[in-house]
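Following: one structure in structure tokens, then a few remarks.
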Amino acid sequence: MSTVAEPNAATVSLTEEQTPVAPPSPPPPKPLWLAVIYVASGLLLFITQGMGMNIVNANLYQLQGEFSATIAEAAWLSAAYMAPYATLSIALFKVRAQYGLRPFAEWSILIFVVASLLNLFVSDLHSALVVRFISGCAAAPISSLGFLYVLEAFPAHRKLSQGLNVALMGTLLAAPLARMVSPTLLQIDGWHALYTLELGLALISMAIIYSLPLTPPPRAKVIERMDIVSYLLMAIGIGCLAVFLTLGRLYWWFETWWLGALLACAIGFITLTALIESRRTNPMLDFRWIFSRDNLHMAAVLLVFRAVSSEQSSTAVSFFQQIGLLNDQQFVLWSLVLLASIGGALFCLVLMSSRYVETAHVIALALIAGGAYLDSQATNLTRPEQMYVSQGMIAFGAAMFLPPVMAKGFGGALQKGLPYVVNFIAIFLFTQITGSMLMTSLLGSFVTIREKFHSNVLVENILLTRPEVAQRVSQLAAAYRKVITDPAILNAEGLTLLSQQVTREAYVLAYTDTFLLISVVTTAALAVLLVHLAWRWLRTSRSAKIALSPQS
């Protein structure tokens with residue numbers, strides 16, 4: 001899953017009721033060497049926060065043995081982390097605006113260090129769940145600080161172009177890095193080795209935050225009493241939704257009563273939040289603005305991005321796990337994904353510095369559609385080497401997709417003032433964090449449904465009366481002939497092994513169907529985008545011709 005947070009708001013224009021203590025003055029441009037240090041510090045903060053979030057997701061099956069848990073029980077670790085993380089950045093934005101950036105940064109990193117230290121005392125699944133919840137709370141401000149440190153290095157006129165692009169690149173680094181370093185750490189000391197690394201990164205980050213100051217934005221009294229009530233209601237609702245989406249496909253959506261209760265609570269609390277906010281004079285979340293036409297369009301684009309980028313973050317990973325490949329066998333693949341993500345972000349930076357910003361989305365969708373189609377040709381003999389090109393294309397395209405949307409949406413929110421920045425953060429977080437969980441769950445459910453379909457089709461053709469089937473059962477049972485002398489038991493063992501092979505083949509076919517589905521959806525999105533661009537070009541050309549034509 002990718003790391004997200006709210007960007008900087010140092011240049012926010014304030015309303016009369018939010019008059020700052022002192023007028024902001026633009027900071028002087030930083031020397032190149034100091035700007036590089038700030039960018040490197042911001043990227044390290046992204047990696048520090050992202051490693052804590054992705055390191056469990058990357059080793060979920062290995063941690064089953066660590067905690068003697070089933071896969072569904074181990075998935076609670078992800079749910080416990082995401083429940084508070086999904087909404088806390090909205091509240092922290094206002095906390096930072098009212099109480100100052102410096103105290104916010106110092107307290108945030110101290111809490112994160114303590115949360116990282118607590119991971120070293122985890123001994124069972126129950127203690128791990130509690131600590132993961134605390135870690136989810138502590139991680140939200142760290143990714144925010146990552147944005148702030150990267151944007152600090154850029155002058156004001158480049159913060160929403162080059163600066164935002166580099167910051168969003170930072171959110172892509174932790175996921176492949178977690179899969180690259182995990183095998184060695186697990187061999188050293190399991191869970192404790194994984195989180196010793198996080199603690200070390202947290203301590204380095206603390207030194208950075210206490211050594212490198214950030215330009216403080218103006219303080220303003222922005223927190224009202226009803227903000228606390230609204231946030232708590234929203235946090236409970238989104239938290240219930242996060243748990244529902246994370247665990248729904250594992251316990252299955254219609255077979256566990258408490259999943260329905262979680263969904264009902266999520267709908268109820270979010271609706272209650274909307275009713276309270278719609279009646280307030282200064283709402284924390286302006287739902288009328290959030291559901292405006294432009295914002296719904298932006299949310300749809302962001303959800304499309306989450307859907308197509310899930311090909312790599314969840315579907316491809318699950319495919320490798322299904323055919324028995326672990327992280328140590330995918331080191332080169334994730335190294336190439338990391339390099340492709342950096343390359344895509346840098347190429348998008350060049351495009352955003354020119355007038356060809358819209359080209360970024362066209363190239364991104366084309367690369368993702370092509371990569372997903374190549375993956376749809378996979379078989380049970382496919383190994384990471386056969387996916388170097390396709391996964392590199394998807395990583396390159398995914399890194400190009402988000403910056404243009406973010407720059408346009410965040411720039412529009414900045415012009416309207418601080419309350420609208422909070423609303424933009426709400427849209428962004430909902431589509432990226434909750435949307436990521438939603439798309440992962442939907443694609444996982446699609447794989448399960450297609451696996452049942454392919455299993456039924458394959459089993460229909462497996463009859464012991466067919467000579468080739470009987471021969472295959474005999475071949476599989478031959479491996480146990482020296483230890484099993486009873487023919488009936490030996491034949492049953494052969495049938496069991498054949499059933500396992502059928503199940504594996506059904507899963508492979510289900511994953512190729514999912515890859516193809518993602519390719520089709522991405523191609524459809526690309527077609528819609530091209531039609532939209534063509535229509536806008538024709539309308540612009542027509543307006544230009546009318547303006548240049550002689551007036552009668």
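Some observations on this one:
- Residue within the range 59-80 that is free of Cβ contacts under 8 Å to residues at least 24 places away in the same chain and within 22 Å of the chain's Cα centre (by Cα) present: yes
- The residues on offer are Gly444, Gly412, Gly435, and the sole one that is closer than 28 Å to Trp252 by Cα, modelled with pLDDT under 80 and either out of contact with any His (no Cβ under 7 Å at 6 or more places or on another chain) or surrounded by 14 or more Cβ atoms within 10 Å (Cβ to Cβ) (or both) is Gly435.
- Residues satisfying the criterion are absent from the range 143-153 (criterion: among the β-branched types (Val, Ile, Thr), over 18 Å from Pro213 (Cβ atoms) and out of contact with any Cys (no Cβ under 6 Å at 6 or more places or on another chain)).
- Applying the criterion of being among the charged types (D, E, K, R) and over 20 Å from Val181 (Cα atoms) to the residues of the range 51-104, the residue that is modelled with the highest pLDDT is Glu73.
- Candidate set from the range 235-279 (those that are more than 21 Å from Phe291 (Cα to Cα) and more than 25 Å from the chain's Cα centre (by Cα)); member that is surrounded by the most Cβ atoms within 10 Å (Cβ to Cβ): Thr256
- Given (1) surrounded by fewer than 15 Cβ atoms within 10 Å (Cβ to Cβ); (2) assigned to a helix (DSSP H, G or I); (3) free of Cβ contacts under 8 Å to residues at least 60 places away in the same chain; (4) not acidic (Asp, Glu), number of the condition Leu530 does not satisfy: (3)
- Residue match in the range 137-148 (condition: assigned to a helix (DSSP H, G or I), out of contact with any Gly (no Cβ under 8 Å at 6 or more places or on another chain) and surrounded by fewer than 23 Cβ atoms within 10 Å (Cβ to Cβ)): yes
- Any chance Leu214 is surrounded by fewer than 21 Cβ atoms within 10 Å (Cβ to Cβ), touching a Leu at 6+ places or on another chain (Cβ under 7 Å), modelled with pLDDT under 80 and of a type in the set (A, V, I, L, M): yes
- Hey, Arg355 closer than 30 Å to Met393 by Cα, at pLDDT below 80 and not in a helix (DSSP H, G or I) or not: yes
- Just one residue in the set Ala372, Ala395, Ala378 is touching a Pro at 6+ places or on another chain (Cβ under 9 Å) and either buried (at least 16 other Cβ atoms within 10 Å of the Cβ) or assigned to a helix (DSSP H, G or I) (or both); that residue is Ala395.
- Single condition Phe154 does not satisfy, out of (1) part of a helix (DSSP H, G or I); (2) touching a residue at least 12 places away in the same chain (Cβ under 8 Å): (1)
- Test: residue in the range 505-518 that is aromatic (Phe, Trp, Tyr) and without any contact (Cβ under 8 Å) to a residue 40 or more places away in the chain: no
- Test result for Glu493, surrounded by fewer than 15 Cβ atoms within 10 Å (Cβ to Cβ), over 30 Å from Ala364 (Cα atoms) and not hydroxyl-bearing (Ser, Thr, Tyr): no
- Residue among Ile267, Ile276 that alone is in contact with a Gly (Cβ under 8 Å, 6 or more places away or on another chain) and without any contact (Cβ under 8 Å) to a residue 60 or more places away in the chain: Ile267
- Number of the exception - Met226 against (1) touching a Lys or Arg at 6+ places or on another chain (Cβ under 8 Å); (2) assigned to a loop (DSSP other than H, G, I, E, B); (3) aliphatic (A, V, I, L, M): (2)
Yes/no per residue for (1) modelled with pLDDT under 85; (2) more than 15 Å from Asn119 (Cβ to Cβ); (3) out of contact with any Asp or Glu (no Cβ under 9 Å at 6 or more places or on another chain):
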site	(1), (2), (3)
Ser182	yes, no, no
Tyr195	yes, no, yes
Leu201	no, no, yes
Ile204	no, yes, yes
Gly237	no, yes, yes
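The values are calculated or read from the model by the stated rules, or taken from the named source; none is laboratory data. On a predicted model such as this, the values are computed, not experimentally measured, just so you know. Cβ atoms come from the backbone with ideal geometry, glycine included; neighbour counts cover every protein chain shown.
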